[in-house]
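Each value in this text was obtained by applying a stated rule to the coordinates, not by laboratory testing. Since we're looking at a predicted model, the values are computed, not measured. A quick note on method: Cβ atoms are made from the backbone with ideal geometry, for glycine too, and the neighbour counts reach across all protein chains shown.
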């Protein structure tokens, strides 16, 4: 094997990428997104309906008891630690070719974590191996730490998430096992040290995976009643409003949306020709992709913040708060676009990764009888079904984002400015969705 | 059923590597699943041709020798054909079902 990096190993996993969606699909999706947006602004309810404090339909008490049982918590933590140990073994002793660690990292811990969090709630908190180690240290009478500086907000998680997407989309060799190992070691050291110094708040604010998992879980049907703590099924739009607004919240969502868009964009021949033309070394190419990634994130932050502030009738201090107050409406857009973009990865590369984990060292092991299993390329083999799902994800996410933003505008904007004040936000959301569909169509 | 006698379609890609320059780069091509794809390479350096299909293919390129590689692709998708050492994408083939 040579040590030269492979520039275009898609997400460090090799293999083919999705076919572009047909032009007509993109056009129909865009038309629906536009129509629906203006229908919401013009005809939807005029009094705010969603409320994070609203009670949902409580599930039987035993559900909460089981989820909160100490034994269940320890079992989940232990499962997380065992899985981490298994992956660490694959990372240290497995072969660099076809190693399942890249799949665990880029598929299971990225889009897989989003899918699980959206389905059942912030799962990373329960299985995070670093959190479990911290819990064990605390049991061994380690002191609680100095407390988390409030001003930092979500910024450490923003940097962590950026570091992740940088490795995946802009680093010289995303597929290199050494780079992934180094990233994971740095992640473990930073997360654990931060928690020892600042206490367990550090996990929720600084662990990129936990922050990400919490963000995705805010659009879940399941949640905890804020008063009784009981697990219930509720309207996800009520749940969205419980996203904590802290310094860095908008930027965190922008990193997620911008990086997914950059991923599509960087596969286009125009961008590749541009990079080939101006950057002649691997480092220069990586630097150019880094700039591209930063620009995509910055465009999302700037457009969203300016649009959220573009209203009359409020003073300057309130205006400054508006982007944070509207930030939750980006969650469905981020989720819709991520699923549109990474669904086939989750389904197909996910299978490949799990099959790979049955025999991580290439010794012919057959854990759980998975060793001989074949990947079912069900989505790739039916591109028109996949294209339909993608457009539905993008448009569905857009519609949900618009509904959430409309309702929030009714609550936070003064009367007389509620309609005009949300127009800019709606237009920016239409812009994101059109860009997303255009990128999926392949430009 | 009119085309029964016609030879099966195939995609031919001619690649020239000379003095560090690759022709073509970032080309956009179309193919069908299971259709033979033939890559002919003339190169003055050794390299590796990576075909990022599912599953991946790798071919060794030897210098100063006309070489021909043939493969077909079973799973639809966008397949990058890449020169590993030179770090260039020769072409992206849209493999349709």
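Worth pointing out:
- Hits in the range B:46-63 - residues which are in a strand (DSSP E or B) and under 11 Å from the mean Cα position of the chain (by Cα): B:49, B:50, B:51, B:52, B:57, B:58, B:59
- Selection within the range B:49-65 - surrounded by 15 or more Cβ atoms within 10 Å (Cβ to Cβ) and touching a strand residue (DSSP E or B) at 6+ places or on another chain (Cβ under 6 Å): B:49, B:50, B:51, B:52, B:53, B:57, B:59, B:61
- Flag for residue A:298 being within 14 Å of chain B (Cβ to nearest Cβ) and surrounded by fewer than 17 Cβ atoms within 10 Å (Cβ to Cβ): no
- Boolean, residue A:416 is in contact (Cβ under 8 Å) with a residue 60 or more places away in the chain and under 28 Å from residue A:340 (Cβ atoms): no
- Test: residue in the range A:394-406 that is assigned to a helix (DSSP H, G or I), closer than 23 Å to residue A:109 by Cα and more than 14 Å from every other protein chain (Cβ to nearest Cβ): yes
- Here residue A:41 meets the list (1) in a helix (DSSP H, G or I); (2) under 24 Å from the mean Cα position of the chain (by Cα) almost entirely, failing just condition (2).
- Residue check, residue A:329 crowded, with 20+ Cβ neighbours inside 10 Å, over 23 Å from residue A:240 (Cα atoms) and under 19 Å from the mean Cα position of the chain (by Cα): no
- Reported count of residues in the range A:121-149, each being in contact (Cβ under 8 Å) with a residue 12 or more places away in the chain and either part of a loop (DSSP other than H, G, I, E, B) or more than 29 Å from residue A:64 (Cβ to Cβ) (or both), is 11.
- Subset of the range B:22-45 (residues that are assigned to a strand (DSSP E or B) and facing chain A (nearest Cβ under 10 Å)): B:22, B:27, B:28
- Of everything in the range B:82-91 that is touching a residue at least 24 places away in the same chain (Cβ under 8 Å) and within 7 Å of chain A (Cβ to nearest Cβ), the residue that is surrounded by the fewest Cβ atoms within 10 Å (Cβ to Cβ) is B:85.
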